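The values are calculated or read from the model by the stated rules, or taken from the named source; none is laboratory data. Remember, predicted model here, so these are calculated numbers, not experimental data. Here the Cβ is made from the backbone with ideal geometry for all residues, glycine too, and neighbour counts use every protein chain on show. To get the accessible areas, we keep the full protein, side chains included, count just its heavy atoms, and leave off ligands, DNA and RNA. Shrake-Rupley method; radii C 1.70, N 1.55, O 1.52, S 1.80 Å.
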Amino acid sequence: MLNVRRWGAVVLACWLALMAAGACAQVAPMRGTAAVAGTTLSIDALYQPQSIIGTTPEGFAWSADGGRVLFLWNDEGRRFRDIWVYEVATGRKSRLTQLGKNGGDDGAGVSQTVDLGGGRIAYVLGGGLYLRAADGAVAAIEAGYRGVRQLAVSPDRTKLAFVADLPGDSRGRVMPGGVLLVRDVAAAGRKARAIAGGDDPKLYVKDFQWSRDGRAIAFDLADDRLMPERDIHYYAGGKLQDNRVARAFPGDETTRERIGVVDVASGRPRFYDRPDVKGLVWNYGLSGDGRRLFINSSDLEAKDHAVDVYDVASGARERFYGLRDAVHLRPDWQVEWAPDDDGLIILTDRDGYLQLYHQKTAGAVPRQLTSGKWEIASFSVDRDAGQIYFLANEAQLAERQLYRVAMAGGTMTRVSPKTPGTHEPVFSPGFSHAASFFSNDVTPPELLMLDLGKPGDAVAVTKSPLPGFYRQTWARIGYMEFPSHVDGTNLVARVSLPANYDPAKRYPLIVGSVYSDSVRNQWGGRRAHPTWGIDQYFVGQGYIVINVNVRGSWGQGRAHNVGQHHSYGETDINDLESGVRHLVAKGYVDPKRVGIWGSSYGGLVTLMSLAKKPGVYAAGVAGAPATNVWHAYPSEMMVAGPPTGADMPGRYEAQSPLFQSKGIADPLMIIHGSRDPVVLYSDTVAFTEKLIANEQPFELVTLPGGNHAWASDNLAQTRFAFNKMAAFFGRYLKPEQP
């Protein structure tokens, strides 16, 4: 039995009660939760155009008065998302658009919407911008611009800003890039004005934000002109293709970011020079009065954290905050202006855990507002009430719950309900409510409405799963703690057990999908890949599935994550082995039937585990494996270190499976898309050439034209690749058939 703290699951009956009553009382900790018995679903059945888990509600956008929220959803579980609205006062939910065709499976639907007031909304469909009037009439606007994104209405609701690709050239071809445009909301016939960006697709607006008075916009102008371009040749569609991308390796020139402020009326921008022009910008923001600008940045390796404040009118700069940590790994910093522009609120792990600090003046000692051996993921400042709302794992490591604290510090209040899980809130103007994207281990994502004036009060707006969801048997999810077998560090794992788990049996185990930050109380654990279905399939077939919060992960403090410094394929694989050893020692797992899989960095971990720990795993599947750290993104230098120094090339070779391949003796499958610009398919070819030369058997599954997120390109490819993986593990781990 799982003799651990039960963090994750809340009984399904509680969720159904929440659906019916709009609230849910705290549920006693449970070992695991499963729905009523039903037929175990195949991979093909789990990944369907009409998904059994429903369609995730996304794109929450509030009206100016906070009385209603727009969101994108499909109530039939299909891919196409239309625009819906929820009225806070009445609790009424309704569908505003009927744009989907062919049953709602023709594309992903509306990608963003905003409320313009007066019953009007703007939205993006197929990369184009549309305006829906109060009477429901729809008109396409801004013809010539495609790739429209980042819709944002000015605080006074008079102007709409957005980023779009450049107009087509003389041949009518759309030029990729990113130009910032502004249009008057009331003047429907007047075209938008370009106020930042230009005619070079390598010089583009990355993101932007309105000033509080709507007179100016601060923006991040990204410059890729010095970055190398690389051709990724591949065969697809019966012919040779070329995916030419701007792609830097460690040591190459990379994207340079410039922060500017543009006066909306005149269109005249001003840029603010940073001391480290190659450094990374994490966020930036104008003060409430528009007179000052902060830039939160660091060097490429995230070792030097700096916050500079500029006088907007003169451009004068002062170093407001700075801290250097030679082994720091994670740039989880966030900065915002304090109420009344009284200094800055800084999220930093300077004292060991990511907590909130208030610093009033440049160079002053920051005053800590929150404390504890838990971490804050993000925060928002309610300037009018003088409060800070933040997401944290104070309840348990795997959760993201919503709290608030006064600017004076002191006692914090939990705002989200007692139901375990993960919240991603979007706050209404005035902070009266929050529209929260919520899920947990047994609940697919839903839209919850949180009343911030009544902590713990929540209304379920959507009910996304299809009726068949409740007739199926799902995994029992639990969490366990155990020490590292190498250095005794406390580790945490998310464990999925078959619903009919029998403690008298020894089960085959699958470790993965391995990655950092993989221990999360939310549906599917990780959202980067659609692994919820393959995990449920494995458990339904009689496997146990485990994910470990390996070193380098968020949530357990700086001392925990810096253990990954210069240690790809070393500390992380030891942590995974500790999880295997613990389950074997507890009698859950047959040590001869353990498999491991992961993609990208997880593919690196899989290959390194097989190479350095022969016999621990009976089989491994590496998806899009990062075999060569020399070809990683420059940002990976945060962990791997720079490509220079007395310990090179040894340091990079020690962290690259390409140079460790001789140790692989256990069965291996590699799955990789040939178009991948993130982890190059040519690196997989180089790796397999070494295996062939050394007469080491393996299986290679090539996905023609497949991208880096190979399990997300399309459903046919998802089913094909996951079926290949399942058959491979089935041959070597031999689970008992249910």
Residue ID - surrounded by the most Cβ atoms within 10 Å (Cβ to Cβ), chosen from residues in the stretch 654-694 that are aliphatic (A, V, I, L, M) and under 27 Å from the mean Cα position of the chain (by Cα) | ILE671
The stretch 385-403: number of residues that are assigned to a strand (DSSP E or B) and in contact with an Asp or Glu (Cβ under 8 Å, 6 or more places away or on another chain) = 7
Candidate set from the stretch 51-66 (those that are open to solvent by 30 Å² or more (accessible area, probe 1.4 Å) and in a loop (DSSP other than H, G, I, E, B)); member that is farthest from GLY109 (Cα to Cα) | ASP65
THR702 passes all but one of (1) assigned to a strand (DSSP E or B); (2) open to solvent by less than 50 Å² (accessible area, probe 1.4 Å); which number fails?
-> (2)
Please work out which residue is nearest to PRO455 (Cα to Cα), limiting yourself to the stretch 368-398 and to residues that are touching a residue at least 60 places away in the same chain (Cβ under 8 Å) and open to solvent by less than 10 Å² (accessible area, probe 1.4 Å).
-> TYR389
2 or more residues open to solvent by less than 20 Å² (accessible area, probe 1.4 Å) and modelled with pLDDT of 95 or more: qualifying strands (runs of 3 or more DSSP E) within the stretch 207-283 = 216-223, 256-263
Just checking, how many residues over the stretch 705-734 are open to solvent by less than 60 Å² (accessible area, probe 1.4 Å), of a type in the set (S, T, N, Q) and over 17 Å from SER513 (Cα atoms)?
-> 2
Give me the pairs, please: first residue somewhere in the stretch 627-651 and closer than 24 Å to THR606 by Cβ, second residue anywhere and of a type in the set (Asp, Glu) and open to solvent by 20 Å² or more (accessible area, probe 1.4 Å), beta-carbon distance under 6 Å, and either six or more positions apart or on two chains.
-> MET637/GLU301; MET638/GLU301
Whichever residue in the stretch 91-140 is hydrophobic (A, V, I, L, M, F, W, C) and in a loop (DSSP other than H, G, I, E, B) and, among such residues, is nearest to PHE80 (Cα to Cα) = ALA108
So VAL511 fits all but one of (1) over 17 Å from the mean Cα position of the chain (by Cα); (2) closer than 25 Å to GLU446 by Cα; what number is the exception?
-> (2)
Residue under evaluation ARG651, criteria (1) under 29 Å from THR718 (Cβ atoms); (2) part of a helix (DSSP H, G or I); (3) open to solvent by less than 30 Å² (accessible area, probe 1.4 Å), criterion not met | (1)
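One line per residue, one yes/no per condition, for (1) modelled with pLDDT of 95 or more; (2) hydroxyl-bearing (Ser, Thr, Tyr); (3) under 18 Å from LEU70 (Cβ atoms); (4) in contact with a Pro (Cβ under 6 Å, 6 or more places away or on another chain):
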| site | (1), (2), (3), (4) |
| --- | --- |
| ASN393 | yes, no, no, no |
| MET412 | yes, no, no, no |
| PHE427 | yes, no, yes, no |
| ALA435 | yes, no, yes, no |
| LEU448 | yes, no, yes, no |
| LEU452 | yes, no, no, no |
| ALA460 | yes, no, yes, no |
| GLN472 | no, no, no, no |
Wholly within the stretch 287-353, strands (runs of 3 or more DSSP E) carrying at least 3 residues that are surrounded by fewer than 18 Cβ atoms within 10 Å (Cβ to Cβ) and in contact (Cβ under 8 Å) with a residue 60 or more places away in the chain | none
Top-ranked residue of the stretch 600-632 - restricted to ones that are polar (S, T, N, Q) and farther than 14 Å from PHE659 by Cα, ranked as least open to solvent (accessible area, probe 1.4 Å) = THR606
Considering each of ALA89, ALA108 in turn, give the residue that is open to solvent by 20 Å² or more (accessible area, probe 1.4 Å), of a type in the set (A, V, I, L, M) and over 21 Å from PHE427 (Cα atoms).
-> ALA108
Can you give me the ranges of the strands (runs of 3 or more DSSP E) entirely in the stretch 419-503 with at least 1 residues that are of a type in the set (Gly, Ala, Ser)?
-> 433-440, 458-460, 476-483, 490-497
Within the stretch 485-513, tally of residues that are over 29 Å from ILE53 (Cα atoms) and open to solvent by 10 Å² or more (accessible area, probe 1.4 Å) = 10
